[in-house]
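Report on the following structure.
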Amino acid sequence: MSIAIYGTRNSSYVRTARITCIEKGLAHTLEEPQQGQHPWKRVPILRHGDVSIYETSAIIRYLDEVGTGASLVPATPAARAVMEQWISAINCYMYDTLVRGYAFSYLGARIAGRDPDPEQVRASLAAMDRDVGRLDGAYAHHAYIAGDAVSLADLLVAPIIQTISMFPEGKRAVAAAGNLSRAYAKLRARPSFETVHEGMPG
């Protein structure tokens, strides 16, 4: 039974859900979101037979459990806690600074058919640089954020880094963050990332 992921192709959270499907060997389709699927009008939403789930964290945990292959949740309590820590940090703080704050200063202007406001871009840079630095530190000691195997937290990080790397300050910040750049290179080389990001820059 195919899984339907409702959302827009460019959403980093939708991309995370789709990457997780591919990592877990789950066939899926990308569908236009429908009125009333999410109480706060966000994406993604998952539908799998009679199962309907919103919120990315819940979706990717479900996919990890129903799919095949290696678990995307670490085996030890400490590593699971690290994964959960970074999932929470991304959802609560880093998405706002990296995507809503920095990337949207470019993306919003592009949608509106105008040049980005230089002051708006500049105002977002300190927080963007700070959080890129925090992610760089998170990847300092292991191949991935919670150890030597990829986890759900990494699948949240990768599309966000792709998004900010589309723009000059973000690209420079990621290039200067050696640990994050190393991890991102490994993540973007995975077939799941390549499939979901086909034709996208960064």
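Ordering Val174, Ile160, Phe193 by the projection of their Cα atoms onto the charge dipole of the range 155-202, which places +1 on the Cβ of Lys and Arg and -1 on the Cβ of Asp and Glu, puts Val174 at the extreme positive end. Of the solvent-accessible surface of the range 72-202, computed with a 1.4 Å probe and all protein chains present, 57% belongs to carbon and sulfur.
If you run the Gaussian network model on the chain, springs between alpha carbon atoms under 10 Å, then out of Ala177, Ala158, Ala70 the most flexible one is Ala70. Normalised per residue, the accessible area of the chain is 49 Å², obtained with a 1.4 Å probe and no contribution from ligands, DNA or RNA.
Fully extending the segment from Val51 to Ser71, taken as 0.36 nm per residue of separation minus the present Cα-Cα distance, adds 5.1 nm.
With θ taken as phi - 60° and the Karplus curve 6.51 cos²θ - 1.76 cosθ + 1.60 applied, the whole-hertz 3J(HN,Hα) list for the range 89-95 is 4, 5, 5, 8, 10, 6, 4 Hz, x standing for glycine and proline. For the range 140-152, putting each phi into the Karplus relation 6.51 cos²θ - 1.76 cosθ + 1.60 with θ = phi - 60° gives couplings of 6, 10, 9, 4, 10, 5, 10, x, 9, 10, 5, 10, 4 Hz, in residue order, rounded to whole numbers and with x for Gly and Pro. The DSSP beta bridges internal to the chain are antiparallel in roughly 65% of cases. Phi angles across the range 166-177 convert, under the Karplus curve 6.51 cos²θ - 1.76 cosθ + 1.60 with θ = phi - 60°, into 3J(HN,Hα) values of 6, 10, x, 5, x, 4, 5, 4, 5, 4, 7, 9 Hz, Gly and Pro given as x. Here Rg and Dmax of the Cα atoms in Å was calculated from the structure, and among (1) 19.6, 66; (2) 16.5, 49; (3) 21.6, 67 it sits at label (2).
The values are calculated or read from the model by the stated rules, or taken from the named source; none is laboratory data. Computed from a prediction, not measured in an experiment: that's the story for all the values here. We place every Cβ from the backbone using ideal geometry, glycine too, and count neighbours over all the protein chains shown. These area figures cover heavy atoms from the full protein model, side chains too; ligands, DNA and RNA do not enter into them. Shrake-Rupley method; radii C 1.70, N 1.55, O 1.52, S 1.80 Å.
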